[in-house]
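Report on the following structure.
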Amino acid sequence: MLTPNLPFSLRAATHLRQRAWVEIDRAAISSNTWNLRRLLGPKSQLMAVVKADGYGHGALNAAEAAQAGGASGYGVATLNEGIQLREGGIKAPVLVLGSITQPEELRACQDWKLMPTVSTMREVLLCESLAKWNGRIMPVHIKIDTGMTRLGVNWEEGIRIVKVLKELNFIRTVGVYTHLAITDKSSTAKKFTQIQKQRFLAVLNGLSQYQIESVDRHLANSAGTLSDNNLYFDMTRVGLAIYGQVPQSSLMQVYALRPALHVRARITLIRQVPGGVGISYNHKYVTDRKSTIAVVSIGYGDGVPRLLSGKMEILFKGKRLPQVGSITMDQLMVDATNVEDLRVGSVVTLLGTSGNQQINAFDWSQKCNTIPWEILCGFKDRLPRLVLNSSN
Ligand SMILES: *Cc1c(COP(=O)(O)O)cnc(C)c1O
């Protein structure tokens with residue numbers, strides 16, 4: 001792996017030795033965060049969600065870049081992800097979005113000053129007894145289930161759990177939140193988001209009588225943040241959008257988001273073949289004319305979904321070359337007929353930006369029937385991360 005601490009010249013040299021890599025543009029994450037902060041206005045904060053190694057961008061890179069863009073805290077999925085941020089020197093509030101079930105995990109949570117999410121009475125009582133044992137107040141966020149049916153206390157019981165919390169001495173409610181189930185744009189779907197908001201409001205109204213002050217109320221993820229400014233509350237939890245990706249193509253142009261991740265690879269071999277020649281495993285593609293076929297040194301073993309076989313394009317100097325035949329574990333082939341300046345060693349772009357051309361995680365996800373989040377999480381450690389615009 002490349003380490004962000006290397007001086008740039010060394011990093012560049014390391015990248016010259018690579019067959020394929022992921023470029024992480026920290027300035028893009030900062031600028032996306034900044035744009036989203038402006039969209040939220042002065043009343044709402046932005047929690048940068050950096051779980052799953054910052055959606056493949058590197059959790060620390062993402063956290064530092066988002067902070068520079070005005071993020072006020074972080075969301076992670078697991079205890080270990082939170083510890084990783086602390087070990088990397090991150091001081092801002094960190095919320096663990098996943099459930100923490102074991103006392104030892106909670107103890108570590110408190111030692112590292114990470115805030116747990118509590119969803120059940122069992123978790124509330126566990127936090128209270130552990131905090132009491134440690135002799136230290138434990139700040140927590142309460143999760144309300146308003147229709148995602150994953151974590152969170154059922155919204156109809158939300159008030160009851162808050163009431164219990166109010167009577168306990170060592171656990172302190174600093175946040176109340178819920179999570180939207182709908183990320184697509186159909187109108188029935190959007191209606192359900194409004195139902196979730198109403199249920200959340202019902203809990204918050206109930207809360208007001210228990211004088212729980214300075215509690216951060218939050219509901220929106222990227223889809224909510226980009227689609228409706230009535231969902232902002234005190235904070236939004238944004239993952240996908242700070243990385244310059246969008247949940248729906250219709251949102252692509254609107255917010256001046258720049259993709260922060262670019263997947264590049266080198267050409268390793270170029271050959272001429274006549275018409276009628278089968279390419280790659282099982283000859284799923286057969287040339288229909290004399291063709292120039294170039295081999296690109298990246299494959300599904302690096303995280304390029306095999307489902308994209310024959311459906312994707314690569315970018316080279318403003319041109320789009322069609323990928324042909326089955327994508328293999330370490331390599332894939334492209335039709336480079338009439339592309340005069342392509343050479344062995346040339347760098348091509350599979351995902352991200354090259355000149356004025358761009359291919360987004362959303363585009364890939366449509367072609368292989370998944371979602372952009374999964375595409376970003378799919379790049380393997382075998383692909384080194386080349387970090388641009390690092391302050392180190
Ligand atoms: C992952 C996650 C988010 C961020 O979602 P995006 O759609 O990537 O913005 C927000 N809240 C919770 C609870 C999450 O698990």
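The values are calculated or read from the model by the stated rules, or taken from the named source; none is laboratory data. If you're wondering where the values come from, they're calculated on a predicted model, not measured in any experiment. Neighbour counts are summed over all protein chains in view; Cβ atoms, including those assigned to glycine, are modelled from backbone coordinates with ideal geometry.
Figures for the structure shown
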read-out: Candidate set: the stretch 176-215, residues that are at pLDDT 95 or above and touching a strand residue (DSSP E or B) at 6+ places or on another chain (Cβ under 9 Å); chosen: the one surrounded by the most Cβ atoms within 10 Å (Cβ to Cβ); value: Thr178
read-out: Residue selected from the stretch 223-264 under the condition among the small types (Gly, Ala, Ser) and at pLDDT 95 or above, by the criterion nearest to Ala202 (Cα to Cα); value: Gly239
read-out: Pick from the stretch 57-80, criterion part of a helix (DSSP H, G or I) and in contact with a strand residue (DSSP E or B) (Cβ under 8 Å, 6 or more places away or on another chain), ranking: surrounded by the most Cβ atoms within 10 Å (Cβ to Cβ); value: Ala66
read-out: Matching entry among Gly58, Gly73, Gly69 (being in contact (Cβ under 8 Å) with a residue 12 or more places away in the chain, under 19 Å from Leu219 (Cβ atoms) and in the same structural domain as Val238 (by TED's automatic domain parsing)); value: Gly73
read-out: Only listed residue being touching a Ser or Thr at 6+ places or on another chain (Cβ under 8 Å) and within 16 Å of the ligand (Cβ to nearest atom), chosen from Val176, Val153; value: Val153
read-out: Residue count, the stretch 81-111 (criterion: more than 16 Å from the ligand (Cβ to nearest atom), in contact with a strand residue (DSSP E or B) (Cβ under 9 Å, 6 or more places away or on another chain) and closer than 18 Å to Thr173 by Cα); value: 4
read-out: Selection within the stretch 255-284 - away from the ligand (no atom under 16 Å from the Cβ), surrounded by 12 or more Cβ atoms within 10 Å (Cβ to Cβ) and assigned to a loop (DSSP other than H, G, I, E, B); value: Arg258, Val277, Ser280, Lys284
read-out: When residues of the stretch 43-73 are limited to those that are closer than 22 Å to Thr178 by Cα and over 12 Å from the mean Cα position of the chain (by Cα), the one nearest to the ligand (Cβ to nearest atom); value: Met47
read-out: Count of the stretch 323-337 residues which are part of a loop (DSSP other than H, G, I, E, B) and in contact with a helix residue (DSSP H, G or I) (Cβ under 9 Å, 6 or more places away or on another chain); value: 6
read-out: Subset tally (residues that are more than 20 Å from Ile142 (Cα to Cα) and free of Cβ contacts under 8 Å to residues at least 12 places away in the same chain) for the stretch 191-216; value: 2
read-out: Whichever residue in the stretch 232-254 is of a type outside the set (A, V, I, L, M, F, W, C) and over 24 Å from Val76 (Cβ atoms) and, among such residues, is nearest to the ligand (Cβ to nearest atom); value: Gln248
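Each row is one residue, and each column tells you yes or no for (1) outside the structural domain of Ala62 (by TED's automatic domain parsing); (2) within 28 Å of Gly89 (Cα to Cα); (3) not small (Gly, Ala, Ser).
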| position | (1), (2), (3) |
| --- | --- |
| Gly355 | yes, no, no |
| Lys367 | yes, no, yes |
| Pro372 | yes, no, yes |
| Asp381 | yes, yes, yes |
| Leu386 | yes, yes, yes |
| Asn389 | yes, yes, yes |
